[in-house]
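The values are calculated or read from the model by the stated rules, or taken from the named source; none is laboratory data. Quick caveat, the model's predicted, so the values are computed rather than measured. Cβ placement follows ideal geometry from the backbone for every residue including glycine, while neighbour counts extend to all protein chains displayed.
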Amino acid sequence: MKRRQFLSSSAAALAATAALLHWPARAFAQAQTPEVRLAMPPLLDTRTTGRLSLQAQSGSRSFLSGAATPTAGFNQDYLGPTIILKNGDLAAEVANALKVPVSAHWHGLLVPGEHDGSPHLPIAPGESWQPEMHIAQDPATVWYHSHIHERTAEQVYFGLAGVIHVTDGDDDARGFPSAYGVDDLTLVLQDRRFDDAGRMVYNPSMMDVMHGLVGNRLLVNGQAGATAVVPQGIVRLRILNGSNARVYTLFFDDTRPMHLVATDGGYLQAPIALDTLTLAPGERVELLVDMSDGGAPVLMSDPDQPYGVLPFAVDASLPARIARVPEQLDGVLGDLAGSEVETREVSLEMGMGGMMMGSRGFAINGRPYDMARIDFAVAQGTVERWHIRSTMVAHPFHVHGVRFRVLSENGAPPRPENTGWKDTFLVPDEAEIIARFDQPARHETPYMFHCHVLEHEDAGMMGQFTVT
């Protein structure tokens, strides 16, 4: 199939599914049930104890007031708690009460390969994993999810994921909202596919694997049809795109600005006011939004065919602690350009001929993922520049164990949301990144690099490397 033909069929397939989500902002708002208030994930604060305990377990949930769906989660029936970490030693234990192997990949934590939770670190049914970790990184919103090869998409889809706040305790001094669930909201955006009975289903067709599975309903924190209630002041939104494949282009229906203050790996040097913001699977952002006018905006996606993501309502009785957006931030964005010792080419490939012949056809640099193969070795402490190409469609690209800077996108400067520290970003046709590889990863537990469309990585669009 030619590239033009593939893109045409891709657009048609995505449009057909996406059309189920496209409705006007106010129609979406009126369809909500105002008394259903958006709930935050439970909080698991490790700062005092230095210990973290998670259990992957089965559950059941009725998402649309219909039939219940079998689910999975960490410490609960669907998704996992929001974990708060600080720098220092952390004794973690992840138990598996499911009947299949799982893992706990700390997506965005800068830890050695032996603690990364990659496909090389499965937790067998009835067993537990007990990494003794040391956290040493800037404050950031990161996340965790199961990462079993060929099962990542399904396991994340049914709930094995959660959010982590890495904090230094200085947000009040920064003038940031920091009251969890009041003016500091954690928002996990997911699209999921539901049948006529209201059951969440995962049965991807070949087209779903090709393009990544997109759903017909949106969930926020595992809830459908809820409203975020906030104080009449500055509100902080920590947003994770936890979808398998959907890319969001976020904006508010009343055009109020979103002040970007942090990307995947930490704070910026100053807020950036944005009208729209693109968020690919696996990416996180932190936004400050001014709700002092008492309005009821709706967070939307896709300006060309808009659909509602989350309505907001102001409750003037809630404490409005922060009255203005800070002018400056304390993020440190090191300039690594010029210090690189190696340049690598990374091609994210969809071999259509192979797929039509019955093989999976997904690969990086011509080779599908092989757990027994190390694709390359990086010298610890060195800086590398990677030139990345996407074939057929844009792919979100994630590298384990590091944070990087995006140098260019299609030969132009990066989009505003890609100007900070990143570990995942959407590669249009081609892009360049630069990173220093400080954490070790041995041959037995290498780091992954892969497309974060989960169906693509399961099908082979993944590689691995050591750092020694």
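General remarks:
- Test: residue in the stretch 224-239 that is of a type in the set (D, E, K, R), surrounded by fewer than 23 Cβ atoms within 10 Å (Cβ to Cβ) and out of contact with any helix residue (DSSP H, G or I) (no Cβ under 9 Å at 6 or more places or on another chain): yes
- For the stretch 234-273, filtered to residues that are of a type in the set (Ser, Thr, Tyr) and assigned to a loop (DSSP other than H, G, I, E, B), the residue that is nearest to residue 162 (Cα to Cα) is 243.
- On the stretch given as the stretch 216-260, residues that are of a type in the set (Phe, Trp, Tyr) and more than 26 Å from residue 154 (Cβ to Cβ) total 2.
- Residue 216 surrounded by fewer than 22 Cβ atoms within 10 Å (Cβ to Cβ), assigned by TED's automatic domain parsing to the domain that holds residue 261 and among the polar types (S, T, N, Q): yes
- Checking each residue in the stretch 93-118 for being surrounded by 24 or more Cβ atoms within 10 Å (Cβ to Cβ) and aliphatic (A, V, I, L, M) picks out 102, 104, 109.
- Meets criteria (at pLDDT 95 or above and in a strand (DSSP E or B)) for residue 187: yes
- Members of the stretch 385-397 found to be under 21 Å from the mean Cα position of the chain (by Cα), surrounded by fewer than 21 Cβ atoms within 10 Å (Cβ to Cβ) and part of a strand (DSSP E or B), listed by number: 389
- For the stretch 280-321, residues that are closer than 19 Å to residue 262 by Cα and either at pLDDT below 95 or in contact with a Ser or Thr (Cβ under 8 Å, 6 or more places away or on another chain) (or both) total 7.
- Selection count where residues are out of contact with any Ser or Thr (no Cβ under 9 Å at 6 or more places or on another chain) and more than 18 Å from residue 361 (Cβ to Cβ), scope the stretch 376-397: 1
- Just one of the listed residues (278, 227, 249) is in contact (Cβ under 8 Å) with a residue 60 or more places away in the chain, over 27 Å from residue 172 (Cα atoms) and among the β-branched types (Val, Ile, Thr), namely 278.
- Criterion applied to 293, 264, 253 was being of a type in the set (D, E, K, R) and crowded, with 21+ Cβ neighbours inside 10 Å, and the one residue passing it is 264.
- Residue 80 among the small types (Gly, Ala, Ser), under 30 Å from residue 199 (Cα atoms) and either in contact with a Ser or Thr (Cβ under 9 Å, 6 or more places away or on another chain) or buried (at least 22 other Cβ atoms within 10 Å of the Cβ) (or both): yes
- A single member of 182, 156 is within 30 Å of residue 232 (Cα to Cα) and either not in a strand (DSSP E or B) or not small (Gly, Ala, Ser) (or both), and it is 182.
- The set of residues in the stretch 159-179 that are crowded, with 22+ Cβ neighbours inside 10 Å and assigned to a loop (DSSP other than H, G, I, E, B) comprises 159, 160, 176, 177.
- Among the residues of the stretch 406-430, the ones that are surrounded by fewer than 18 Cβ atoms within 10 Å (Cβ to Cβ), among the hydrophobic types (A, V, I, L, M, F, W, C) and touching a Lys or Arg at 6+ places or on another chain (Cβ under 6 Å) come to 0 in all.
- Among the residues of the stretch 73-102, the one identified as within 20 Å of the chain's Cα centre (by Cα) and either without any contact (Cβ under 8 Å) to a residue 24 or more places away in the chain or farther than 28 Å from residue 179 by Cα (or both) is 102.
- A search for C-beta distances below 8 Å between a residue of the stretch 293-320 that is farther than 22 Å from residue 176 by Cβ and any residue that is modelled with pLDDT under 95 and polar (S, T, N, Q), counting only pairs 6+ apart in sequence or on different chains, returns 311/32.
- Residues (aliphatic (A, V, I, L, M), under 23 Å from residue 224 (Cβ atoms) and surrounded by fewer than 20 Cβ atoms within 10 Å (Cβ to Cβ)) located in the stretch 180-211: 182, 197, 201
- Every listed requirement among (1) more than 25 Å from residue 142 (Cα to Cα); (2) part of a strand (DSSP E or B); (3) within 21 Å of the chain's Cα centre (by Cα) is met by residue 405 save one, (1).
Let's see how each residue does on (1) in contact (Cβ under 8 Å) with a residue 12 or more places away in the chain; (2) closer than 23 Å to residue 268 by Cα; (3) surrounded by 22 or more Cβ atoms within 10 Å (Cβ to Cβ); (4) out of contact with any Lys or Arg (no Cβ under 8 Å at 6 or more places or on another chain):
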position	(1), (2), (3), (4)
347	yes, no, no, no
374	yes, no, no, yes
399	yes, yes, yes, yes
404	yes, yes, yes, no
432	yes, yes, no, no
441	yes, no, yes, yes
447	yes, no, yes, yes
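- Looking across the stretch 296-322, the residues that are surrounded by fewer than 21 Cβ atoms within 10 Å (Cβ to Cβ) and closer than 23 Å to residue 141 by Cα come down to 320, 321.
- Number of residues in the stretch 119-155 that are in contact with a helix residue (DSSP H, G or I) (Cβ under 6 Å, 6 or more places away or on another chain) and either closer than 24 Å to residue 439 by Cα or surrounded by 18 or more Cβ atoms within 10 Å (Cβ to Cβ) (or both): the value is 6.
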